[in-house]
Amino acid sequence: MRDIDPSVAWLGNPETFELVKESEYAGDDKSAWCRFVDEDVAKTWKEYVMTNDVSDTTPPPAPYNLVADKTADNMYQFAWRADADVESGIAKFIIYLDGKQIGMIPDSGNYQSFDTNGDNTYPVDPLPMTFTVNVTGGNHVLAVETVNQSGLVSERAEIKVN
């Protein structure tokens, strides 16, 4: 472990949830306070101890490894891979054809479910990351976005089909 830089460290009072920059702390005894590496970690701690949750402000990563395999006349099996958003997982995927939404996985509910305290774990068999689409004539673009459970949307990943 490395030492915490006192010029950027913060302290948090576990009884009042007060936060103060360590270098500005005027008290005599810091032993009852929590010590954090920086202001962001201190604020995250305070949010969690006050709400039992941590808000997610970052969109999930974009889907990757897109493939579109022709399975029959005008029919394509569209598939992709996606990594879960660290803070809030995956709620759904939105599928587009030429910029127009044509589907969503799952149709309702969340793609991933999880128990944040780990006490009530249960196995989850997520739906496959695939979508069958009818594509007629010419060149088209299939695309997919990941939406996390905070409602934030990834960059759109695209693949051309003809």
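Read the figures in this text as sums done on the coordinates, not as results from a lab. Bear in mind the structure is a predicted one, so any value in this text is a computation, not a measurement. Here the Cβ positions follow ideal geometry from the backbone for every residue, glycine too, while neighbour counts run over all protein chains shown.
Couplings for the stretch 84-91, taken from phi via the Karplus curve 6.51 cos²θ - 1.76 cosθ + 1.60 with θ = phi - 60°, read 5, 5, 4, 7, 9, x, 10, 8 Hz in order; Gly and Pro are left as x. Taking every lysine pair in the chain that is 8 or more places apart or spans two chains, those with Cα atoms closer than 21 Å amount to 9. Given +1 at the Cβ of Lys and Arg, -1 at the Cβ of Asp and Glu and no other charges, the dipole of the stretch 10-51 around its Cα centre is 100 debye to the nearest 20. Using Cβ point charges alone (K and R +1, D and E -1), the dipole size of the chain about the Cα centre works out to roughly 820 debye.
For residue 92, the residues whose amide H sits under 5 Å from its own are 111, 147, ignoring neighbours fewer than 5 places away on the same chain, with H placed 1.01 Å from N. Name the shape class, rounded, prolate or oblate, that the alpha-carbon gyration tensor gives for the stretch 10-51, where a ≥ b ≥ c are the square roots of its eigenvalues, rounded holds for a/c under 1.5, and otherwise prolate holds if a/b is larger than b/c and oblate otherwise. Oblate is the answer for the stretch 10-51, as a/c is 1.5 or above yet b/c matches or exceeds a/b. Exposed loop sites here are chymotrypsin sites (Phe, Trp or Tyr not before Pro) assigned a DSSP state other than H, G, I, E or B and surrounded by at most 16 other beta carbons within 10 Å; excluding them, the longest clear run of the chain is 26-113. In the chain, a dipole from Cβ-located charges (positive for Lys and Arg, negative for Asp and Glu) runs towards its positive end, and of 112, 17, 97 it is 97 whose Cα lies farthest in that direction. Amide H contacts of residue 102 (H built 1.01 Å from N, in plane; Pro and chain starts excluded): 95, 96, 97 sit under 5 Å, all sequence-distant by 5 or more or on other chains. The helix-based estimate of mean residue ellipticity at 222 nm for the chain, built from -39,500 (n - 2.57) per DSSP H run of four or more residues and divided by its residue count, is -2500 deg cm²/dmol to the nearest 500. Compared with the dominant Cα axis of the chain, that is its longest principal axis, helix 39-51 is turned about 80°. Could you work out the percent of alpha carbon pairs in the chain separated by over 27 Å, rounded to a whole number? Counting every Cα pair in the chain, those more than 27 Å apart make up 47 percent.
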